[in-house]
Amino acid sequence: MRFKTRISNLYTLTRLVQALDRIGKFCWLRLMPETVNFIIIPDFRMTQVWAVLEVETIFEEYVVQSNADNVINLEIPVDNLYRALRSAANASDSTIRLSKKNNQPLLSLSTTWSGRAFGSNVVTHNIPIRVLSHSYVSAIKEPTAPEPDCHIFFPSLNVIRQVADKYKNMSDRVIISANMSGELQLSVSTPAAKVTTRWKDLENPELDPSQVDDVNRHPSQTRNPKEFVHMRLDAKDLVNMLRISSVARRVIACFCEGHALVLYVYITDPEDEHTAVLTYYISTYVD
């Protein structure tokens, strides 16, 4: 198998991996001819991340070859990858390739540093990884969720994060609520007080008839638009998800009552030629 590429958007890739580092220690990196997937399924937390990026969003001169239809699956320690990317912040050129040393598979990040006096220097970070078999990854399935009871565009994640950070210090649980009238609430309750932050005049995205069997019968259309859907979440999980705020362009939140909060975090704009979206599945606590 063979994998090699130049990094064309180091900032976005670094911030993406930084956000993933808050969710889990290891990432399943799936390299395909047209797309790159970053998947995190932690054993001990209630959040999963399934990211799909078109190759051109972050890479150029991209080559991936394998006997399994040119698909390569790798398990990567996220923290090691983040540290390597962070060290490359001011490099003039960065490449990633799959290598091996003493039968240990490695993901090698090479950075070129240009200097007037001494020419160019190349620094390589070798990250030990594990190659995942097709039989292993075929047993891993993306979560499924029922049709949402409410779907809404989030305001700036930075704004929500500032509020969630304060609430996290008050309780380990927060309640996030939304309705089909463009309203969003984030609340925390303690024996001493209950605090709520409200946002109004947000947009509820329209349903795509090609993706829904009957729009008029969809749960979000049959309920009172002023009625809130409430989700009780782990405060730390929510704050960790909001770390993606530095690269998030827009976020659609789908409230599946009694199941999960599903967040579609787009790190590209609608008019961009290539797309990249992270899907967060955050389990809810049921009283």
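The values are calculated or read from the model by the stated rules, or taken from the named source; none is laboratory data. As the structure is a prediction and not an experimental result, all values here were calculated from the model. In this analysis, Cβ positions are derived from the backbone assuming ideal geometry, glycine residues included, and neighbour counts consider all displayed protein chains. These area figures cover heavy atoms from the full protein model, side chains too; ligands, DNA and RNA do not enter into them. Shrake-Rupley method; radii C 1.70, N 1.55, O 1.52, S 1.80 Å.
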Checklist outcome for this item: Note on the stretch 123-158: residues over 28 Å from Ser110 (Cα atoms) and of a type in the set (Ser, Thr, Tyr) are Ser135, Tyr136, Ser138, Thr144, Ser156
Item to check | Scan of the stretch 16-28 for residues that are open to solvent by less than 10 Å² (accessible area, probe 1.4 Å), out of contact with any Phe, Trp or Tyr (no Cβ under 6 Å at 6 or more places or on another chain) and farther than 16 Å from Met46 by Cα, ordered by number | outcome: Leu16
Checklist entry - Regarding Thr190, is this residue touching a residue at least 12 places away in the same chain (Cβ under 8 Å) and closer than 20 Å to Thr284 by Cβ? => result yes
Next on the checklist: Any residue at all in the stretch 45-55 that's under 14 Å from Ile244 (Cα atoms), of a type outside the set (Ser, Thr, Tyr) and touching an Asp or Glu at 6+ places or on another chain (Cβ under 7 Å)?
Outcome noted: yes
Checklist entry - Going by the conditions given, is Asp214 free of Cβ contacts under 8 Å to residues at least 60 places away in the same chain and within 18 Å of Phe153 (Cα to Cα)? => result no
Item to check | Pair list, Cβ < 7 Å and 6+ apart or interchain, from the stretch 81-105 residues that are within 25 Å of Ser133 (Cβ to Cβ) and among the polar types (S, T, N, Q) to residues that are modelled with pLDDT of 95 or more and not in a loop (DSSP other than H, G, I, E, B) | outcome: Ser99/Leu106; Ser99/Ser108; Gln104/Pro128
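Here is a list: Leu242, Leu233, Leu261, Leu278. Which entry is touching a residue at least 60 places away in the same chain (Cβ under 8 Å) and part of a helix (DSSP H, G or I)?
Working: Leu233 fails: part of a helix (DSSP H, G or I); Leu261 fails: part of a helix (DSSP H, G or I); Leu278 fails: part of a helix (DSSP H, G or I).
When all the criteria are applied, what remains is Leu242.
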Next on the checklist: Which count do you get for residues in the stretch 38-80 that are within 23 Å of His134 (Cβ to Cβ), at pLDDT below 95, hydrophobic (A, V, I, L, M, F, W, C) and in a loop (DSSP other than H, G, I, E, B)?
Outcome noted: 2
Checklist entry - Restricting to the stretch 92-139, what's the tally of residues that are part of a loop (DSSP other than H, G, I, E, B), farther than 17 Å from Leu13 by Cβ and open to solvent by 50 Å² or more (accessible area, probe 1.4 Å)? => result 7
